[in-house]
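S.K.: Questions regarding the structure given below will be posed in turn.
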Amino acid sequence: MATKAQSRMTPLKLFSYTFVALWLIIAAFPFFWTFWGSFKVQADFLSKADWRNALYGANTIAQTGSAFTAEAYRGAWIDEEFWFNFKNTGIVVFFTVVISLTFGTLGGYALARSGFRYAFWILMAALVFRAMPHITLVSGYLLPFFEWNVWGILPTTIIVLVAINQPFTLWMLHSFFKNIPKDMDESAMVDGCTRFQAFRYVIVPVMWPGVITTGLFSFLLAYNDFTVAAMLLSEENETIIPAINSFMGTTQVEGKVMYAVAAVVSTVAPLFVLILFFQRQIVSGLTAGAVKG
Amino acid sequence: MKHRTFFWFILPTLSAMILFIALPIVSVFVQSLFVAHEQVLVVSESCGPFGCTPTTSVDLEATEKLREEAPLGRFNGLGTYFNRSHLAIAEIGEAWANSDSLGTFWTQIYNLPFYNALIFTLTYTFVVTPAVLVLGLAIAVGVNNLPRALKGPSIFVSLLPFLVTPLVGSLILFWMVDGDGVIGATIQKIFNDPSLSLKASTALTWIMLIVYGIWHTLPFSFITFYAGLQTVPDDTLEAAQIDGASKWQTMIHVVVPHLMPLVSFVTLMLIMDNLRVFEPIVSFSAEAHARSLSWVIFNDLRESGNPLYASAGATSLLTIIIVIFLMMPVLVRTWRDFTRKSH
């Protein structure tokens, strides 16, 4: 219960409120601005003359007759075939998440239940692998992939993303499985189950909260990836993030910056929905392993 | 768990990591030892009415054949590591001998591509990381004091900058700070200088990238610290209050020490992520003034038509060594914790 002393407004408290408010504005404003501006024409979105144009859309009204236009979205999704990149991203994300969770749950469970020293070494190696900048690994893939003729196709990218994702998945699921009491699967084994049966019938039914949290982060990694997809995919298999980057190159010249703006807003929208529904899981995932120690 | 069962459980994940993380590192090392073939030159004499002159031409067929036979190129040993684009030992020695003050020596070092990228990467990492730690803690405390109904929405709003990929996040900011964007144009008006551009000067570009970095990673430290704040025991806080500690003193002497383990976790994560700074440079098209190690590797691989695998390999390996070196304190500590627990 808050005492009178605690609820009193002190200068320190006032300062901290202002600070939080300032941060929230800085965090949210760019997204709001870009979202609003994506329904305007370029002369309004990047308006040197008067920033209020971006709010009221003076040029948009002059050019299209209405204060809002979906022209940028039409251009990006239909003319530049952004839907195609979205489809590629969908495929990559789906398979990356499914495969890395399958590998990760098996491995994470084994690491959580094995007290041997090599289990620790695998976790250490995973931590070091987690720290590798992705581009350093990509520079090792290119030559062999060209040689084997597997460069540029989606399956290669999926398996690479699965591998890059493994260290994180392993750590997260390892700490999650550690919190499931050992007694559960051990008593199943006393009753005559093999280790795998114990895993299948005792652990699998209770593991879903942890798997969903980990899956969210696998999703984010695959969805947000630029480095791997930009280097390993040919143009016809491009996913959304490299596609936005190549939009920037071509549209800047043609004065079609709004296409890129629309593509960016379309990319952020699914994340917005994701946070809306899974905020609790994301927060618990971010702090897993940290708070528990 | 028996060794055998353990092996079967860990096999898929382990083979994925060995095949696509450990082996590529070996592959990077191998390709850094080779350089591209030189073109095969043939000298032929062309004789005309005024005598013979030797001409040199490229034997395309032989060059192609050589490339086919040994796609890696010719063996160069550690040569690539020490050349001008990487460690540049000779150039440093020369600069040391020729420069009369530390300032000129520093300028010469700064102009070497590898050191240039290294200086930016380290500056970025070691400015963004502490700033994010301090600001994150401040926001966490602020949000913790908010009325209950406001906590959820503030976390929701804060998550976006962190979850949006750097390429897209920095594009969103770029459109605002660009000369025509809302912030860029306002700054030009304030200083009454229509040519003022954040992209035009090195210092402003660095500041812009660092500000972006803070904006992007702040949510992570904020949320971790916020979760940590929920675990501070009320009794200790009350005891501090009874002993007459002010809010500020409670903060410094009770809350911060309680969060210390979290600080080292957040620091580790931030250092790992900040060291790979790359996408903002692409989005802001800042490469004229700021290059990171990752960007240099990317650029080598993108070299149109003729990727510089050796150069990219050497930079990659040097980067990996730097990353491991910076992580060493954490690795050693984890190792100590583990051995203490098991004995």
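FYI, it's all coordinate maths here, none of it is from the lab. Only a predicted model underlies this, so the values are computations on that prediction, with no experimental measurement involved. Virtual Cβ from ideal backbone geometry, glycine too; neighbours counted across all protein chains shown.
S.K.: Could you pull out the chymotrypsin sites (Phe, Trp or Tyr not before Pro) across segment A:68-97 that fall in loop regions by DSSP (anything but H, G, I, E, B) with no more than 16 other Cβ atoms inside 10 Å?
M.R.: In loop regions of segment A:68-97 (DSSP not H, G, I, E or B), the sparsely surrounded chymotrypsin sites (Phe, Trp or Tyr not before Pro) are A:Phe68.
S.K.: If you line up the long axis of helix A:134-148 against the longest principal axis of chain A, both from Cα atoms, how many degrees apart are they, to the nearest 10?
M.R.: The two axes meet at around 80 degrees.
S.K.: Right, something else. By its C-alpha gyration tensor, with a ≥ b ≥ c as the square roots of the eigenvalues, how is the protein assembly as shown shaped: rounded for a/c under 1.5, else prolate for a/b larger than b/c, else oblate?
M.R.: oblate
S.K.: With charges set only on the Cβ (+1 for Lys and Arg, -1 for Asp and Glu), what does the dipole of the protein assembly as shown come to about its Cα centre, in debye to the nearest 20?
M.R.: The calculated dipole for the protein assembly as shown is roughly 2580 debye.
S.K.: Calculate the spin-label point distance for A:Thr10 paired with B:Glu238, positioning each point 7 Å from the Cα along the beta-carbon direction, and give it in nanometres.
M.R.: Placing both labels 7 Å along Cα→Cβ, they lie 1.9 nm apart.
S.K.: Where the eigenvalues come from the Cα gyration tensor of segment A:76-287, what are the semi-axes √(5λ) of the equivalent ellipsoid, largest first, in whole Å? Working shown, then result.
M.R.: Details: eigenvalues 281, 79, 39 Å².
The answer is 38, 20, 14 Å, longest axis first.
S.K.: I'd like the trypsin sites (Lys or Arg not before Pro) in segment A:1-96 restricted to DSSP loop residues with at most 15 other Cβ atoms within 10 Å, sorted by number.
M.R.: Listed in order of number, the matching sites are A:Arg8.
S.K.: What residue among A:Thr89, A:Thr18, A:Thr105 shows peak mean-square fluctuation when chain A is described by a Gaussian network model with Cα springs under 10 Å?
M.R.: The residue that fluctuates most here is A:Thr18.
S.K.: Moving on. Take every DSSP beta bridge whose two residues both sit in the protein assembly as shown, then give the antiparallel share in percent to the nearest 5.
M.R.: Roughly 90 percent of the DSSP beta bridges within the protein assembly as shown come out antiparallel.
S.K.: Please pull out the direction-averaged projected area of segment B:197-253, using the convex hull of its alpha-carbon atoms, in nm² to one decimal place. Write out the running numbers ahead of the final one.
M.R.: Numbers: hull surface 22.8 nm².
The number I arrive at for segment B:197-253 is 5.7 nm².
S.K.: Then there is this: Please list, ordered by chain and number, the residues whose modelled amide H lies under 5 Å from the amide H of B:Asp59; skip anything fewer than 5 residues away on the same chain.
M.R.: It is B:Val40, B:Leu41, B:Val42, by chain and number.
S.K.: Over all residues in B:276-286, what is the mean tally of Cβ atoms on other chains that come within 10 Å of each residue's Cβ?
M.R.: Shielding by partners across B:276-286 averages 3.
S.K.: Quick one: net charge of B:Ala62's neighbours, Cβ under 15 Å, K/R +1, D/E -1?
M.R.: Counting the neighbours of B:Ala62, the net charge comes to -3.
S.K.: How much mean residue ellipticity at 222 nm does chain B get from its helices, if each DSSP H run of length 4 or more adds -39500 (n - 2.57) and you divide by all residues, to the nearest 500 deg cm²/dmol?
M.R.: Here the helix-only value at 222 nm equals -22500 deg cm²/dmol.
S.K.: Amide H neighbours of B:Phe34 under 5 Å, at least 5 residues apart or on other chains, H built in the peptide plane: list them.
M.R.: Those lying under 5 Å, H to H, from B:Phe34 are B:Asn76.
S.K.: Angle, helix A:257-287 long axis vs. longest principal axis of chain A, Cα atoms, 0 to 90°, nearest 10?
M.R.: In chain A, helix A:257-287 runs at an angle near 30 degrees to the longest axis.
S.K.: For a quick check, take a GNM of chain B with Cα springs below 10 Å and name the residue from B:Pro12, B:Pro147, B:Pro233 with the largest mean-square fluctuation.
M.R.: Its mean-square fluctuation being the largest, the pick is B:Pro12.
S.K.: Still on this structure: So what is the calculated 222 nm ellipticity per residue for chain A, using -39500 (n - 2.57) for each DSSP H run with n of 4 or more, over all residues, to the nearest 500 deg cm²/dmol? Walk me through the numbers before you get to the answer.
M.R.: Details: 16 runs with 220 residues, N = 293.
When only DSSP H runs of four or more count, the value is -24000 deg cm²/dmol.
S.K.: Also, quick follow-up: Got a sec? Charge dipole of the protein assembly as shown, +1 on Cβ for Lys and Arg, -1 for Asp and Glu; which of B:Ser32, B:Val128, A:Val261 is way out at the positive end?
M.R.: It is B:Val128.
S.K.: Within 10 Å of each Cβ in B:150-159, how many Cβ atoms from other chains are there, averaged over the peptide?
M.R.: Partner Cβ neighbours, averaged per residue: 5.
S.K.: Enumerate the calculated ³J(HN,Hα) couplings along segment B:212-221 in order (Karplus 6.51 cos²θ - 1.76 cosθ + 1.60, θ = phi - 60°), each rounded to whole Hz, writing x wherever the residue is Gly or Pro.
M.R.: Calculated HN-Hα couplings, in order: 4, x, 5, 4, 6, 9, 3, x, 4, 5 Hz.
S.K.: With the cut-off at 1.5 for a/c, could you classify segment B:226-343 from its C-alpha gyration tensor as rounded, prolate or oblate?
M.R.: On the way: a/c = 4.87, a/b = 2.14, b/c = 2.28.
It is oblate, given that a/c is not under 1.5 and a/b is not larger than b/c.
S.K.: Continuing with the same structure: Would you please classify the overall shape of segment B:1-141 from the alpha carbon gyration tensor, given that a ≥ b ≥ c denote the square roots of the eigenvalues, rounded means a/c under 1.5, and beyond that prolate means a/b larger than b/c while oblate covers the rest? Don't skip to the end; give the middle numbers.
M.R.: On the way: a/c = 3.62, a/b = 1.39, b/c = 2.61.
Oblate.
S.K.: Follow-up question, since we're still on this one. Using the Karplus equation 6.51 cos²θ - 1.76 cosθ + 1.60 (θ = phi - 60°), what ³J(HN,Hα) coupling, rounded to whole Hz, does each residue of segment A:15-27 give in order, writing x for Gly and Pro?
M.R.: Computed from phi, the couplings for segment A:15-27 are 4, 5, 5, 4, 4, 4, 4, 4, 4, 4, 5, 4, 6 Hz.
S.K.: Further, regarding this structure: So which GluC sites (Glu not before Pro) in segment B:38-112 pass both tests, a DSSP loop state and at most 16 other Cβ atoms within 10 Å of the Cβ?
M.R.: Values: sites: B:Glu38, B:Glu45, B:Glu61, B:Glu64, B:Glu68, B:Glu69, B:Glu91, B:Glu94; in loops: B:Glu38.
When the GluC sites (Glu not before Pro) of segment B:38-112 are filtered for loop state and at most 16 Cβ neighbours within 10 Å, B:Glu38 remain.
S.K.: Let me ask another. Just need the Rg to Rh number for chain B, please, alpha carbons only, Kirkwood Rh.
M.R.: 1.09
S.K.: Once the dipole of the protein assembly as shown is set up with Lys and Arg at +1 and Asp and Glu at -1 on Cβ about the Cα centre, which of A:Trp151, B:Asn299, B:Val143 lies farthest towards its positive end?
M.R.: Comparing the listed Cα positions along the dipole, B:Val143 ranks first.
S.K.: So between B:Val256 and B:Asp59, what do we pick up on full extension, going 0.36 nm a residue minus the alpha carbon distance?
M.R.: Once the chain is fully extended between B:Val256 and B:Asp59, it gains 63.9 nm.
S.K.: I've got another one for you. Set the Förster distance to 35 Å, then compute FRET efficiency between B:Ser101 and B:Leu122 from the Cβ-Cβ distance, nearest 0.05.
M.R.: Result of the calculation: an efficiency of 0.95.
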